[in-house]
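Read the structure below first, then the notes.
The values are calculated or read from the model by the stated rules, or taken from the named source; none is laboratory data. Since the model is a prediction, treat every value here as computed from it, not as a measurement. Positions of Cβ are backbone-derived with ideal geometry, glycine not excepted, and every protein chain shown enters the neighbour counts.
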Amino acid sequence: MKLFKRKRKMDLAKYTERWNAIQKLCSARKTWPQAVIQADGLLDEALKCKGYKGKTTGERLVAAQHEISSNETVWAGHKLCKTLSVEDVDVRKLKKKDVVQALSGFRQALRDLGALSSGK
C-alpha cells in the first residue's frame, strides 16, 4: 500500500507578507542580493508546498516548468541567486535591470503557483 504525501494548502497571507518584506529590501542597493536570495528561497518553498519533487530548487523548477509562465526569467533569477550566494559580488557591479528582472520572474512564478494573488 502506497501512501501519498498530502499537499499543504498555500498560505497566501504568509507568502504575501514575505514578498512584501522582500520588496522592501529593494529600496537600498546593498540589500539587492539579499532580496534575490530570499525570493529564490520563497519560490523553492512554494514549489515544495505544491508537491514538486527534487533534491534542489533547480530540479523542482524543471518539474514545474509547465506550470510557470515565465520560465526563462525564473531561471535567470535562479542563476543570479546562485552567483550571489556563492561569490562575494560587489553590489556596485550588480545591475538594477538584472535584479528587477529576477524579482519580476519570481513574482510571476509565485502567482502561477498560487502563492501570491494577481494583485500583489
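Below are the figures for this structure:
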| read-out | value |
| --- | --- |
| Of the criteria (1) surrounded by 13 or more Cβ atoms within 10 Å (Cβ to Cβ); (2) more than 13 Å from the chain's Cα centre (by Cα), which one residue 13 fails | (1) |
| Every residue from the range 66-119 that is within 22 Å of residue 14 (Cα to Cα) and either in contact with a strand residue (DSSP E or B) (Cβ under 6 Å, 6 or more places away or on another chain) or among the aromatic types (Phe, Trp, Tyr) (or both) | 106 |
| Pairs with Cβ under 9 Å, 6+ apart, first in the range 42-69 and under 16 Å from residue 82 (Cα atoms), second part of a loop (DSSP other than H, G, I, E, B) and of a type in the set (S, T, N, Q) | 44/56 |
| Residues located in the range 101-117, provided they are free of Cβ contacts under 8 Å to residues at least 40 places away in the same chain and not polar (S, T, N, Q) | 105, 111 |
| Total residues in the range 45-69, condition more than 20 Å from residue 116 (Cα to Cα) and within 12 Å of the chain's Cα centre (by Cα) | 1 |
| Residue identified as closer than 16 Å to residue 18 by Cβ, of a type in the set (A, V, I, L, M, F, W, C) and modelled with pLDDT of 95 or more among 46, 76 | 46 |
| Extreme residue, surrounded by the most Cβ atoms within 10 Å (Cβ to Cβ), among residues of the range 27-49 that are more than 15 Å from residue 108 (Cβ to Cβ) and of a type in the set (D, E, K, R) | 44 |
